[in-house]
Amino acid sequence: MMNIKAFTLVSAVERELLTGDKEHISIECVECCGRNLYVGTNDCFIYHFLLEEKAMPTGTASFIATKQLHRHLGFKKPVNELCAASALNRLLVLCDNSITLVNMLNLEPVPSGARIKGATTFAVNENPVNGDPFCVEVCIISVKRRTVQMFLVYEDRVQIVKEVSTPEQPLAVAVDGYFLCLALTTQYIILNYSTGLSQDLFPYCSEEKPPIVKRIGRQEFLLAGPGGLGMFATVAGISQRAPVHWSENVIGAAVCFPYVIALDDEFITVHSMLDQQQKQTLPFKEGHILQDFEGRVIVATSKGVYILVPLPLEKQIQDLLASRRVEEALVLAKGARRNIPKEKFQVMYRRILQQAGFIQFAQLQFLEAKELFRSSQLDVRELISLYPFLLPTSSSFTRSHPPLHEYADLNQLTQGDQEKMAKCKRFLMSYLNEVRCTEVANGYKEDIDTALLKLYAEADHDSLLDLLVTENFCLLTDSAAWLEKHKKYFALGLLYHYNKQDASAVQLWVNIVNGDIQDSTRSDLYEYIVDFLTYCLDQELVWTHADWLLQKSEEIGVQVFTKRPLDEQQQTRFNPDDIISCLKKYPKALVKYLEHLVIDRRLQKQEYHTHLAILYLEEVLRQRAATGHKDVEATETQVKLRRLLQKSDSYHIHLLKEKIQGAGLPMESAILHGKLGEHEKALHILVHEMGDFSAAEDYCLWGSEGQDAACRQRLFHTLLAMYLRAGPSAHELTVAAVDLLNHHAREFDATQVLQLLPDTWSVQLLCPFLTGAMRDSIHARRTTQVALGLARSENLIYMYDKMKLKGSAVRLSEKKLCQLCQNPFGEPVFVRYPNGGLVHTHCAASRHTTPSTPSPGTRT
């Protein structure tokens, strides 16, 4: 149990003011209504005091009681109970088993002498069902055994409404609407006096201690239960709150939300209705009265009257927060909602949540702190300001006043502990990253993002780059200085780029690659710069750094021109001729760029194709000269040259033929002859100079690409004739001729081939060729037969349709009109549609040339 100061005990009526030196006089009951305080004594007197409340600087209050008058009721019995009915200006006084009505001001009994007799105790219904504002509903426990009675009390008369019997003798009662909460001899019950239905609550032994029944709110009661429990019960007979633990010897109870106050022989204890914990203990001996009157709690001994003055809830909450009792403070703050106007409560509660958040933060309870900060909509700059130098120098932020915490900065909070400081910084990184895109950041996104950048840079965090390549509000001046301080030059370049200072960004990255400044963020920074400039729209910036890129690596640097977006290339922002001029100093890059133009972009410009072919040729000749061998296997460059010469139709053939002549490149010469249509010369080179029969076959295939079948057949026949002209003595050419026929049977006209072949060749030698030729011939014959059969079938169908149409008679008279022109027929010549419509022949013809003409049907 941890105490808080929820109430202060203040004297209201001193003994001297009430009893003077008369020891035998004692206080029996009290009543308070507004400023009016009434005290009933054991010698049948009623005292009337006026209370004046004075606020104290400490937040509490003091009271001065001024005696107005006192009056003897004329009995020799004590005044047992008092109850004010302010609407009637009456005081209900229970004395000698009678309830007398007296005037609240002069304490005179009403002239009519109206009273209720035979009452041992009574309770006023604070939730009346009568509806008459000038009458009070009173429930009494009658001197008759096991009986309660309901009365209506007016200014000068009383009226009995209901009498109800109870299962046992009632000892105490509280009323709410039609419901009576009764303490019987052995149990508590809820009784509906209108219907007579009752609900048992729980057992209770009245012989051990007196019962307590208090109405604490609409349809809810507080009862003294067994085992020192204060039990809550509703009129439905259920409990919606957990019980409070109080003394076994409790003799009185009252409620001042959110507290239950209990009185025993020695102490006043204060218990929270929110978390059921005992919050305060006040020594108070000889107390025997504890009652609450519209939020004012009064306790009394037999000689004096005291008031329990509640400290303002906000003061209590602040005391709890100062003691680091965050959970209790929040519970109390939530409970205060019912007593404070909504707008004021929201402001107060939000501030309390923020204070609680900083307390949790200081204790490194980051999850709890984050939740409190978010739910309270904390101005995140309050948190950032704890970290030195994180807020931008241009920020106009000032901390909340009064302050939300007691810390000057993070150093004071962590007392210089570096590990704690690192944890706090990691928390702030996480929190800022979460809130930067939420409503919490509205209005000061620059402060948040700049602080986040500084934290990332200081911690060498991977998310620094993610922050800078996405939408952010980092302030350039502050952020640039911080990144430079922590040597984050690559990140600084990203910051420049985000702020549209690409020239500064690229120059910074170039300095890193050159080693002028050190930053190991990216090992592939050179490639990154190439990629960056590839997509850069600033032509001047690209040209500025083009030479540097190419000097570092021709093959990679040229990508700044070859990998530019296709739409940009199509807009010719960079003129290819200008780029070629620039690349003349870089032969490898020039070849790559020309390949890009010719192969990738497929530009059919003779200059580019010729230039690329010459560069290939020069490289091939250089490689051959370096190796000293003429008949070496084709290099990669030579393969590229041959492919270009074969596929392209845009280069200067004669120029290349001149350059190749005498260079010992027969394959290339053959390709060029083929491009000029000199197929026999090309095949002669391949067959007789190179002896490459496979290349000769390939020549026939690629040389006839895009041509009709007849062209391909001519090339193969030319090659076959060349093989056969050598005569039987040239065994290699004979074998080549046989292989050519057997492998490409489809490409030959078998009839012509058989006329060319020597008579000495066997059928077995040409078996594959003959088989293929026969198969193709039979396939062609059968395909033709199928097509012919289909055509005959279709013709038969048309003939059948025609016969059907001719079988039906068509009547043509002068009254018959053309469906298109609506004119009569002048001669017996017409066109009939399947739907039976008749039109002139010339109308039918014009209809097919005028689509908008109405159609009578499909023409027959």
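The values are calculated or read from the model by the stated rules, or taken from the named source; none is laboratory data. Quick caveat, the model's predicted, so the values are computed rather than measured. Glycine gets a Cβ as well: all are built from the backbone with ideal geometry, and neighbour counts include every protein chain shown. Side chains included, ligands, DNA and RNA excluded: accessible areas come from the protein's heavy atoms. Shrake-Rupley method; radii C 1.70, N 1.55, O 1.52, S 1.80 Å.
Brief remarks on what is shown
- Peptide packing for 39-49, 85-95 was compared via the average number of neighbouring C-beta atoms within 10 Å per residue; ordered from the highest value, the list is 39-49, 85-95.
- The mean sequence distance of close C-alpha pairs (under 8 Å, at least 6 residues apart), as a share of the length of the chain, puts its relative contact order at 4 percent.
- Cα point-scatterer Debye curve for the chain, base-10 log of I(q)/I(0) at q = 0.04, 0.10 Å⁻¹: -0.56, -1.13
- Rounded to 10°, Cα long-axis angle of helix 666-675 versus longest principal axis of the chain: 90 degrees
- Heavy-atom accessible area per residue - the chain, 1.4 Å, Å²: 52 Å²
- In this structure, the residue pairs whose Cα-Cα separation is over 23 Å, taken from K117/K209; K425/K445; K592/K640, are K117/K209.
- Counting only alpha carbon atoms, the long axis of helix 767-807 and the longest principal axis of the chain meet at about 70°.
- The Cβ shell under 11 Å around S395 holds other residues with a net charge of -2, Lys and Arg each +1, Asp and Glu each -1.
- Proportion of all alpha-carbon pairs of the range 436-508 beyond 21 Å (%): 18 percent
- 15 Å beta-carbon shell around A174, net charge (K/R +1, D/E -1): -3
- FRET efficiency, K342 to F473 (Cβ-Cβ, R0 35 Å, nearest 0.05): 0.50
- What the Cβ-Cβ distance of F293 and S112 gives, at R0 = 22 Å and to the nearest 0.05, is a FRET efficiency of 0.20.
- Kirkwood radius, the range 323-427, all distinct C-alpha pairs, inverse of mean reciprocal distance: 14.7 Å.
- Working note: Debye formula, equal point scatterers on the alpha-carbon atoms of the range 477-523, no solvent; log10 I(q)/I(0) at q = 0.20, 0.24, 0.30 Å⁻¹ is -0.57, -0.81, -1.17.
- Our coupling estimate for the range 112-128, obtained by passing each phi through the Karplus curve with A = 6.51, B = -1.76, C = 1.60 and θ = phi - 60°, is 6, x, 4, 7, 10, 9, x, 10, 8, 7, 8, 9, 8, 7, 7, 10, x Hz, Gly and Pro reported as x.
- Per-peptide packing, taken as the mean over residues of other Cβ atoms within 10 Å, places 399-409, 345-355 in the sequence 345-355, 399-409 from highest down.
- Spacing of the modelled spin labels on W543 and V10, each 7 Å from Cα toward Cβ, amounts to 8.8 nm.
- Average Cα contact separation per residue, the range 677-780, under 8 Å, 6 or more apart, as relative contact order %: 21 percent
- Geometric descriptor of the range 580-726, per residue, is 114 Å³ (volume of the convex hull of the Cα atoms).
- Dividing the alpha-carbon radius of gyration of the range 677-780 by the rule-of-thumb value 2.2 N^0.38 Å gives 1.03.
- Violating pairs (Cα-Cα greater than 25 angstrom) within the set K315/K423; K22/K76; K588/K681: K315/K423; K588/K681
- Relative protection proxy for 693-700, 705-712, from highest mean packing down: 693-700, 705-712 (other beta-carbon atoms within 10 angstrom).
- Modelled spin-label separation between A787 and D708, with each label point placed 7 Å from Cα along the Cα-to-Cβ direction: 1.4 nm.
- Bins of 10 Å from zero: percent of alpha-carbon pairs in the range 490-618: 12, 42, 30, 13, 3
- In summary, the lysines within cross-link reach of K487, defined as a Cα separation below 18 angstrom excluding same-chain residues under 8 places away, comprise K454.
- Principal axis dimensions, the range 195-243 - Cα atoms, whole angstrom, descending: 31, 25, 14
- Under 12 Å from K279, Cα to Cα: aspartates and glutamates that are on another chain or at least 8 residues apart: E328
- Length available on full extension from A422 to A242: 0.36 nm per residue minus the Cα-Cα distance, which gives 60.5 nm.
- 0 to 90° range, to nearest 10: angle between helix 636-647 axis and the chain longest Cα axis: 70 degrees
- The alpha-carbon of K804 sits under 18 angstrom from the alpha-carbons of these aspartates and glutamates, leaving out residues fewer than 8 places away in its chain: E794.
- Projected label points at V143 and S400, each 7 Å from Cα along the beta carbon direction, are separated by 6.4 nanometres.
- Net charge of the neighbourhood of L550, taken over other residues with C-beta under 13 Å away and scored Lys/Arg +1, Asp/Glu -1, is +2.
- In this calculation the C-beta distance from N249 to T301 is compared with R0 = 22 Å, giving a FRET efficiency of 0.85.
- Taking the inverse of the mean 1/r over every pair of distinct Cα atoms in the range 407-462 gives a Kirkwood hydrodynamic radius of 12.1 Å.
- Size estimate for the range 377-486 follows the Kirkwood approach: the inverse of mean 1/r over distinct Cα pairs works out to 14.3 Å.
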